[in-house]
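A short worksheet on the structure shown next.
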Amino acid sequence: MAFRARHLLGIEHLAPLEITTVLDLADRYVEMSRRTVKQSDVLAGMTQINMFFESSTRTQASFELAGKRLGADVMNMSMQSSSVKKGETLIDTAMTLNAMHPDLLVVRHPSSGAVNLLASKVNCAVLNAGDGRHEHPTQALLDALTIRRAKGRIQRLTVAICGDIAHSRVARSNLILLNKMENRIRLIAPPTLMPAGVDAFGCELFDDMREGLKGCDVVMMLRLQKERMDGGFIPSEREYYHRYGLDAEKLSHAAEDAIVMHPGPMNRGVEIDGDLADDINRSVIQDQVEMGVAVRMACMDLLARNLRAERGRRIVGTMV
Ligand code: ASP
């Protein structure tokens, strides 16, 4: 099989063929999700636990729906009222859950690397739903699916990623994915929000929106991640919007058929103009949400296949 991963911890670990395998399967789940009856039994009998140590609307709902559409038993742990609040360590929480034999663990955590650590302690498949400013692999995969469906390909495109690059796991995962798929990437941000050393990824850096957007096929906007900022990175939101907020005038510098993306949650009038975000001729923001469910179904389906195969091998091993 073209998808060999045991966990989905980051785009970093995926080969281009694994990425296209996820996208191809996700295309099929888009069709299934548009039917009145959206049920399949791909994960029947399996248990999925969602552990979100950081707040989430889209991602958590999307993983929950994805699991339910595939027939899994889905449990959402409320981490706000869990034993973590009583001082339990991440590892102890993981070991406790592991003893309940889940098959899929979906984890979001504010610390970069926490999900990788957890994956090393449990014997189910772990999916990273965002760890600190490190990775958000399913976001990059759903963005890739949205781009491929809008542009007909996910190679040889010029993609601008704009805004708070420094604090964004979405930017990092997208950068890695788009690079692996041989696209031309431009990062546009004020110098205070551009991470040091990022040019090593082979992208072009800009601090002027109009210049950076010139001829781009895809414009990806990011939220100011205030929860990860300590100190003042921008003079004021008003000034930020003036220089870096995407509106129709700035977008006119991109290709005529450029699409506009945003991972959400979106701050209208800060990083993007509200009317532009709602313009169905340019904005694919709602498509991204739809693709999110399908991509998560595909990822969980592929990981479950690998898990079953691994368990099957283990049983055969004990028999010889
Ligand atoms: N929802 C995305 C994330 O969890 C982007 C954001 O929060 O701005 O990283």
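Criterion applied to D207, D199, D217 was being surrounded by 15 or more Cβ atoms within 10 Å (Cβ to Cβ), free of Cβ contacts under 8 Å to residues at least 24 places away in the same chain and away from the ligand (no atom under 16 Å from the Cβ), and the one residue passing it is D207.
The residue that is farthest from M95 (Cα to Cα), among those in segment 65-76 that are touching a residue at least 40 places away in the same chain (Cβ under 8 Å) and surrounded by 20 or more Cβ atoms within 10 Å (Cβ to Cβ), is R69.
Report, by residue number, each residue of segment 205-226 that is hydrophobic (A, V, I, L, M, F, W, C), over 23 Å from L145 (Cα atoms) and within 17 Å of the chain's Cα centre (by Cα).
L224
Can V22 be described as closer than 19 Å to A125 by Cα, under 22 Å from the mean Cα position of the chain (by Cα) and crowded, with 18+ Cβ neighbours inside 10 Å? In short, yes.
If you filter segment 258-282 down to residues that are touching a Leu at 6+ places or on another chain (Cβ under 8 Å) and away from the ligand (no atom under 16 Å from the Cβ), you find that the one that is nearest to L213 (Cα to Cα) is A258. One residue is enough: does segment 103-112 have a residue meeting the conditions open to solvent by 10 Å² or more (accessible area, probe 1.4 Å), touching a residue at least 60 places away in the same chain (Cβ under 8 Å) and more than 16 Å from the ligand (Cβ to nearest atom)? Among the residues of segment 103-112, at least one is open to solvent by 10 Å² or more (accessible area, probe 1.4 Å), touching a residue at least 60 places away in the same chain (Cβ under 8 Å) and more than 16 Å from the ligand (Cβ to nearest atom), which makes the answer yes. Could you list, in sequence order, all residues of segment 289-320 that are modelled with pLDDT under 95 and of a type in the set (V, I, T)? Once the filter is applied, which keeps residues that are modelled with pLDDT under 95 and of a type in the set (V, I, T), segment 289-320 yields I315, V316, T318, V320.
Taking N98, is it open to solvent by less than 60 Å² (accessible area, probe 1.4 Å) and of a type in the set (S, T, N, Q)? It is true that N98 is open to solvent by less than 60 Å² (accessible area, probe 1.4 Å) and of a type in the set (S, T, N, Q).
In the set (1) in a loop (DSSP other than H, G, I, E, B); (2) among the polar types (S, T, N, Q); (3) buried (at least 20 other Cβ atoms within 10 Å of the Cβ), the condition left unmet by T36 is number (3). For G245, only one of the following conditions fails: (1) of a type outside the set (D, E, K, R); (2) away from the ligand (no atom under 16 Å from the Cβ); (3) farther than 20 Å from L142 by Cα. What is its number? Evaluating G245 over (1) of a type outside the set (D, E, K, R); (2) away from the ligand (no atom under 16 Å from the Cβ); (3) farther than 20 Å from L142 by Cα leaves (2) as the failure. Could you say whether any residue in segment 257-277 is at pLDDT 95 or above, in a helix (DSSP H, G or I) and surrounded by fewer than 18 Cβ atoms within 10 Å (Cβ to Cβ)? Within segment 257-277, one or more residues are at pLDDT 95 or above, in a helix (DSSP H, G or I) and surrounded by fewer than 18 Cβ atoms within 10 Å (Cβ to Cβ).
Taking segment 185-196 as the range and being surrounded by fewer than 18 Cβ atoms within 10 Å (Cβ to Cβ) and within 16 Å of the ligand (Cβ to nearest atom) as the test, only P195 passes. Picking from residues in segment 228-256 that are touching a residue at least 24 places away in the same chain (Cβ under 8 Å), open to solvent by 20 Å² or more (accessible area, probe 1.4 Å) and in a helix (DSSP H, G or I), the one that is farthest from P191 (Cα to Cα) is A248. Apart from one condition, M79 fits all of (1) under 21 Å from A298 (Cβ atoms); (2) open to solvent by less than 40 Å² (accessible area, probe 1.4 Å); the exception is (1).
Taking segment 125-184 as the region of interest, how many residues are over 14 Å from the mean Cα position of the chain (by Cα), basic (K, R) and within 12 Å of the ligand (Cβ to nearest atom)? Residues flagged as over 14 Å from the mean Cα position of the chain (by Cα), basic (K, R) and within 12 Å of the ligand (Cβ to nearest atom) within segment 125-184 amount to 0. The number of residues in segment 147-164 that are open to solvent by 10 Å² or more (accessible area, probe 1.4 Å), closer than 23 Å to I272 by Cα and of a type outside the set (D, E, K, R) comes to 2. Applying the criterion of being more than 16 Å from the ligand (Cβ to nearest atom) and open to solvent by 40 Å² or more (accessible area, probe 1.4 Å) to the residues of segment 43-64, the residue that is nearest to V106 (Cα to Cα) is T47.
The values are calculated or read from the model by the stated rules, or taken from the named source; none is laboratory data. The shown structure was predicted, so the numbers you read here are calculated from the model rather than taken from an experiment. Here Cβ is always computed from backbone atoms with ideal geometry, including for glycine, and neighbour counts include all displayed protein chains. Only protein heavy atoms, including side chains, enter the accessible area calculation; ligands, DNA and RNA are left aside. Shrake-Rupley method; radii C 1.70, N 1.55, O 1.52, S 1.80 Å.
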